[in-house]
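The values are calculated or read from the model by the stated rules, or taken from the named source; none is laboratory data. Remember, predicted model here, so these are calculated numbers, not experimental data. Please note: Cβ atoms are built from the backbone with ideal geometry, for glycine as well, and neighbour counts cover all protein chains shown. Side chains included, ligands, DNA and RNA excluded: accessible areas come from the protein's heavy atoms. Shrake-Rupley method; radii C 1.70, N 1.55, O 1.52, S 1.80 Å.
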Amino acid sequence: MNISKLKEVIEDQPKFRFKQIEQAIFRDFVSSWAEVTTLPANLRAILDEECSLEIKVEEFKSDDGSVKILLELEDGLKIESVMLSHRDGRHTICVSSQVGCPLGCLFCATGQNGYKRNLTRDEIVEQVLYFSRQLKAKNEQVSNIVFMGMGEPLLNYDNVIAAIRLMNSPEGMGLGARRFSISTAGIPKGIRQLAREGLEVNLALSLHAPTNELRGQLMPISKSYTLAQVMKSLEDYVSATNRRIMFEYMTIRGINDEPIHAKQLVKLLTGWLGFVNLINYNETDLFLPSTAERMTSFKSILEKGGLKVVQRYSFGKSIDAACGQLAGKKKKKD
Ligand code: SAH
Ligand code: SF4
């Protein structure tokens, strides 16, 4: 898809044309200009030529109903997005914010495959449009959007916020701000900027370790920004927005899932406006996931310590739904 030239192409057209086009793309979720019969045929032909609505994807379906796509961008690079369909009829779209990721977390397939570039606003929105088009055919809609695909959203701050604003606006998809969640490895500047943005989106921190030392072994970014610096920026975020934080904690066998780590986590998070989202490591090649017993006992230490814990169901195992795993595999095979 390439709608970057849209304004230029319809410059000489009456104003209401733009509204018709916005309606067609973001509300009717058309896949081709031919469907937009409210536009004159000659304009449709020009749009076809200059602003393709075609979204090129390879689709992978999992047994549990989640769908993962590899989406090809205009320059041939590929990103991945996932739709997680819940039993209650909600659909969560997990989107990428960058091609690859510069932060190189050891447990993350995306991070291990290097970094290419930031996504544009439209490339971020395109991922949601793809699934919206599919859901429309079933008379269903996207419910939530999480920035948990490839990349670090706060390192592509302007385009991520512009994409959210477009999807949030009445002229765009009109999706409420609270339906969006940004997950970050911990970029203090971006966290503080988000606090001032005035957008009621949700914020998640990929914590994954209760101490700076252990975090440093898993996430190289914590050498640039210590855990204390990240937590301080979150404190500022909470006081500015009064919004709670989701702390993501992924358990890795023998690395961060011992009782001592659970106790340290209680100490770190006591008193915070927030909750822990406990997830198990989705195997790449360096580590092993925690056993079910270990996760249960880890969770119970957190709860006994007074923390609120949720356990995210691990979607799409059969299609490698964890971040970056599919694109990583493809790259190895090519
Ligand atoms: N860069 C951002 C957002 C993308 S990653 C961030 O790190 O928060 C989205 C989530 O997937 C993060 O919580 C990340 O830590 C987690 N993740 C990465 N690799 C994983 C793996 N192998 N198994 C389970 N979760 C993983
Ligand atoms: Fe980047 Fe997030 Fe993966 Fe770390 S976990 S490498 S920050 S995408």
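Here is a list: Glu171, Glu140. Which entry is touching a strand residue (DSSP E or B) at 6+ places or on another chain (Cβ under 7 Å) and open to solvent by 40 Å² or more (accessible area, probe 1.4 Å)?
Checking each option against the conditions leaves just Glu140.
Taking strands (runs of 3 or more DSSP E) that do not extend beyond the range 198-296, which have at least 3 residues that are more than 16 Å from ligand 2 (Cβ to nearest atom)?
It comes to 274-280.
Pick out the one residue from Leu119, Leu154, Leu199 that is within 16 Å of ligand 1 (Cβ to nearest atom) and within 28 Å of Thr226 (Cβ to Cβ).
Leu154
Within the range 90-106, does at least one residue satisfy the condition of being open to solvent by 20 Å² or more (accessible area, probe 1.4 Å) and either among the basic types (Lys, Arg) or away from ligand 1 (no atom under 14 Å from the Cβ) (or both)?
Yes - at least one qualifying residue is present in the range 90-106.
Please go through the range 301-314 and give me each residue that is open to solvent by 40 Å² or more (accessible area, probe 1.4 Å) and more than 16 Å from ligand 2 (Cβ to nearest atom), ordered by number. I'd like the intermediate steps shown before the answer.
So the first thing to find is which residues in the range 301-314 are open to solvent by 40 Å² or more (accessible area, probe 1.4 Å), and the list is 301, 303-304, 306, 308, 310-314.
Matches in the range 301-314: Ile301, Glu303, Lys304, Gly306, Lys308, Val310, Gln311, Tyr313.
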